[in-house]
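Engineer: Below is the structure I would like to discuss, written out as structure tokens.
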Amino acid sequence: MNARSFLRRMPAALWRMPAARRMPAALRRMPAALRRVPAAPVSLAVGAAAWEAVGRTADVSSLPPLSRVLDRLVELSREGLILSSLADSLLNLALGLAVSLAAGLVVGTAMGRSRRVEAALGCYVHALLTAPSLVFAPVFFSLLGAGRAAIVAVVVMYAVFIVIVTTESAVRSVPPHLVEMARSYGASEGQVLLRVALPAAAPMIMAGVRLGVGRAVTGMINGEMFIAVVGLGHLVTEAGGRFDSASVLAVLLIVVAVALGALALVQAVDRKITHWVPQTARSER
């Protein structure tokens, strides 16, 4: 029996329970029409209305209303500044994420499967995870110059260590009896890893990937602002130098959209990889 079949059987009593009984009591008392209203759009609408109201009430240059920020975003788009900067930033993000995921998954899996590897690398990984990642920007600037390589290095510093730590924890938390059962059927170490350990650890690994994506977006902007003034970071730096709050917030909206788009892509991959996990074993989305 591999991890997939075992985890399918484990929560059988739960997923056979009627959906109405699995629903929290507070939600069951809500009218059906309200339960069908998606929470995310309502939350965004409330936040946008609050931003507009506070911006108009305060009437300060540092917090323009949302309508003015959106107007400025349209102007920047018509000038061609958004698309060209966005293309540079997405390339930096994609390269940094690719390196972070490749290194993070490999190193994290090795640390999770081997106590010796964990003892050798654990101190470095946890030290660099807790260290402020931006302090390495001058080092990368000196070593790699004011180019794309230095920005990608900053993105990697922000994202790779959280991926390593969560992957290590996920692989180490695989139930031992699953591994023992696979070995009793003659599975090799590679088969145990590929057919049992990684599938069982996949949900937690993908949670770490989501955290890594969020940190990578932060690293992308910081790297572009402090190392090489390109991409969306270039627009933020220029607008900040002019004390143009509307332009800064307009670019910030694009950064948030990039982060949400990247997270949505990761969640789609997560659903594809962990489709075998019973719905009751997932967190409510």
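The values are calculated or read from the model by the stated rules, or taken from the named source; none is laboratory data. This one's a predicted model, so the numbers in the text were calculated from it and none came from an experiment. As a convention, Cβ positions derive from the backbone with ideal geometry for all residues, glycine included, and neighbour counts pool all protein chains shown. All accessible areas refer to the heavy atoms of the entire protein, side chains included, with ligands and DNA or RNA removed. Shrake-Rupley method; radii C 1.70, N 1.55, O 1.52, S 1.80 Å.
Engineer: Checking residue 194 against (1) within 26 Å of the chain's Cα centre (by Cα); (2) open to solvent by less than 20 Å² (accessible area, probe 1.4 Å); (3) over 20 Å from residue 100 (Cα atoms): exactly one of these is not met. Which one?
Structural biologist: The number of the failed condition is (2).
Engineer: Something else now. Taking segment 55-77 only, how many residues are among the polar types (S, T, N, Q) and part of a helix (DSSP H, G or I)?
Structural biologist: Residues meeting the conditions: 3.
Engineer: Of the residues 45, 102, 98, 87, which single one is more than 23 Å from the chain's Cα centre (by Cα), open to solvent by 50 Å² or more (accessible area, probe 1.4 Å) and aliphatic (A, V, I, L, M)?
Structural biologist: 45
Engineer: So residue 3 passes all but one of these: (1) closer than 30 Å to residue 202 by Cα; (2) at pLDDT 80 or above. Which condition number does it fail?
Structural biologist: (2)
Engineer: Select from segment 105-133 the residues that are in contact (Cβ under 8 Å) with a residue 60 or more places away in the chain and either in contact with a strand residue (DSSP E or B) (Cβ under 8 Å, 6 or more places away or on another chain) or open to solvent by 60 Å² or more (accessible area, probe 1.4 Å) (or both) and list them in ascending order.
Structural biologist: Of everything in segment 105-133, those that are in contact (Cβ under 8 Å) with a residue 60 or more places away in the chain and either in contact with a strand residue (DSSP E or B) (Cβ under 8 Å, 6 or more places away or on another chain) or open to solvent by 60 Å² or more (accessible area, probe 1.4 Å) (or both) turn out to be 105, 113.
Engineer: In segment 106-133, what residues are among the basic types (Lys, Arg) and over 18 Å from residue 204 (Cα atoms)?
Structural biologist: If the condition is that a residue be among the basic types (Lys, Arg) and over 18 Å from residue 204 (Cα atoms), then 115, 116 are the ones that fit.
Engineer: Using beta carbons and a limit of 6 Å, which pairs, at least six apart or on different chains, have the first residue in segment 61-80 and in contact (Cβ under 8 Å) with a residue 12 or more places away in the chain and the second one in a helix (DSSP H, G or I) and open to solvent by 80 Å² or more (accessible area, probe 1.4 Å)?
Structural biologist: Every condition considered, the pairs that remain are 65/56.
Engineer: Could you give me the residue pairs with C-beta distances under 9 Å whose first residue belongs to segment 234-250 and is without any contact (Cβ under 8 Å) to a residue 40 or more places away in the chain and among the charged types (D, E, K, R), whose second residue is open to solvent by less than 40 Å² (accessible area, probe 1.4 Å) and in a loop (DSSP other than H, G, I, E, B) wherever it lies, and which are 6+ apart or on separate chains?
Structural biologist: Once the first residue is without any contact (Cβ under 8 Å) to a residue 40 or more places away in the chain and among the charged types (D, E, K, R) and sits in segment 234-250, its partners that are open to solvent by less than 40 Å² (accessible area, probe 1.4 Å) and in a loop (DSSP other than H, G, I, E, B) give 238/244.
Engineer: Of all residues in segment 74-83, how many are open to solvent by less than 50 Å² (accessible area, probe 1.4 Å) and closer than 15 Å to residue 244 by Cβ? Walk me through it before giving the result.
Structural biologist: So in segment 74-83, the residues open to solvent by less than 50 Å² (accessible area, probe 1.4 Å) come out as 76, 80, 82.
In the following step, the residues that additionally are closer than 15 Å to residue 244 by Cβ were identified as 76, 82.
Within segment 74-83, residues that are open to solvent by less than 50 Å² (accessible area, probe 1.4 Å) and closer than 15 Å to residue 244 by Cβ number 2.
Engineer: If we only count helices (runs of 4 or more DSSP H) wholly inside segment 174-285, which ones have 1 or more residues that are within 25 Å of residue 87 (Cβ to Cβ), of a type outside the set (S, T, N, Q) and at pLDDT 85 or above?
Structural biologist: Here the list reads 198-226, 231-241, 245-273.
Engineer: Determine which member of the set 59, 71 is at pLDDT 85 or above, more than 22 Å from residue 264 (Cβ to Cβ) and open to solvent by 70 Å² or more (accessible area, probe 1.4 Å).
Structural biologist: It is 71.
Engineer: Might you check whether a residue that is under 27 Å from residue 267 (Cβ atoms), of a type in the set (A, V, I, L, M), without any contact (Cβ under 8 Å) to a residue 60 or more places away in the chain and open to solvent by less than 30 Å² (accessible area, probe 1.4 Å) occurs anywhere in segment 154-161?
Structural biologist: As a first pass, look at segment 154-161 and keep what is under 27 Å from residue 267 (Cβ atoms): 154-161.
Cutting the leftovers down to of a type in the set (A, V, I, L, M) gives us 154-157, 159-160.
Imposing the further condition that a residue be without any contact (Cβ under 8 Å) to a residue 60 or more places away in the chain reduces the set to none.
Within segment 154-161, none of the residues are under 27 Å from residue 267 (Cβ atoms), of a type in the set (A, V, I, L, M), without any contact (Cβ under 8 Å) to a residue 60 or more places away in the chain and open to solvent by less than 30 Å² (accessible area, probe 1.4 Å).
Engineer: Could you list, in sequence order, all residues of segment 165-191 that are over 23 Å from residue 119 (Cα atoms), buried (at least 17 other Cβ atoms within 10 Å of the Cβ) and without any contact (Cβ under 8 Å) to a residue 24 or more places away in the chain?
Structural biologist: Scanning segment 165-191 gives a single hit, 187.
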